[in-house]
Amino acid sequence: MNQAGVIAAAKAEPRFSDIIYERIVEMIADGRFPVNERLPSEPNLSVMFGASRPVVREALERLRADQLIVSRKGSGSYVRQRPDSSVLNQVPVGSLADVQRFFEFRAGLEAEAAALAARNWQVNDKVRIMAALAALEHCLEVGELGAEEDQRLHDAIAMATGNQFHTIVREWFKPHFSIGMSVTRSLSLKRTPLHVRHVQDEHAAIVEAILARRETDAHNAMKTHILNARARMFQGVEAQSIDA
């Protein structure tokens, strides 16, 4: 399959469960399904969306994985947190589930890239990585979005692997990388300075492990960072701890 075929496959029509998933996220975000309140039952959701129960169940499983809802045995599913509604405004309609899946893909891909970078970086790679990290630090200090600077840091790490396929994949899927980074960084600007500092500390931990040639630490730091970024998409205006 050539590049065009790969991109086309990534843009396949959303599954019905993805559409239901996004509709429920929207209803949680706008308060129609309030935090701590019980969602309608599976049969009622099936009627509401004109879908079979297995399709609804698949959507609910993804909502649970994203920590938007939590199940109580014998009681049903409850809203755990309400995401910032701007998430839906920044993500193309019908693609929210794919954005989350792309984070899952990135977690494996970029963790391996970080480990390879720790093994293989050269002096010019170190210069690029340190410059990108410094640019991100400047964005934090002046309150800028920093999405492009974030992209450059991850690009520099991919280049440091010494494996051209890591850079090729990043180029092929550049729009997918950009959407996730733009959303998570724009949401970060709405949160406390401590929250933004925590994100930058994750970047610093990745870079430190890479430059110290600690492959396992670099792998783990990058995977944690990507999965945290995925979770941050839905850390919105309300969040409550509800026992499962």
Going by the structure shown, is ILE179 modelled with pLDDT under 80 and closer than 21 Å to VAL25 by Cβ? no
Residue pairs qualifying under the 6 Å Cβ cut-off, at least six apart or on distinct chains, with the first in the stretch 121-141 being free of Cβ contacts under 8 Å to residues at least 24 places away in the same chain and the second being in a helix (DSSP H, G or I), are ALA135/GLU149; CYS139/GLU149
Anything in the stretch 14-54 that is part of a helix (DSSP H, G or I) and among the basic types (Lys, Arg)? List them, or say none. ARG23, ARG53
Does the stretch 142-156 contain any residue that is out of contact with any Leu (no Cβ under 9 Å at 6 or more places or on another chain) and under 30 Å from ILE24 (Cβ atoms)? yes
Testing ARG80 on (1) outside the structural domain of ALA29 (by TED's automatic domain parsing); (2) touching a strand residue (DSSP E or B) at 6+ places or on another chain (Cβ under 8 Å), one condition comes back false. Which one is that? (1)
Look through the stretch 220-243, keep the residues that are hydrophobic (A, V, I, L, M, F, W, C) and modelled with pLDDT of 80 or more, and return whichever of them is surrounded by the most Cβ atoms within 10 Å (Cβ to Cβ). MET222
Name every residue in the stretch 56-76 that is small (Gly, Ala, Ser) and in contact with a helix residue (DSSP H, G or I) (Cβ under 6 Å, 6 or more places away or on another chain), in order of residue number. ALA59
Among residues belonging to the stretch 182-199 that are crowded, with 18+ Cβ neighbours inside 10 Å and not hydroxyl-bearing (Ser, Thr, Tyr), point out the one that is modelled with the lowest pLDDT. LEU187
Would you check if ASP217 is surrounded by fewer than 18 Cβ atoms within 10 Å (Cβ to Cβ) and at pLDDT 75 or above? no
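The values are calculated or read from the model by the stated rules, or taken from the named source; none is laboratory data. Remember, predicted model here, so these are calculated numbers, not experimental data. Positions of Cβ are generated from backbone atoms using ideal geometry, with glycine treated the same way; all protein chains shown enter the neighbour counts.
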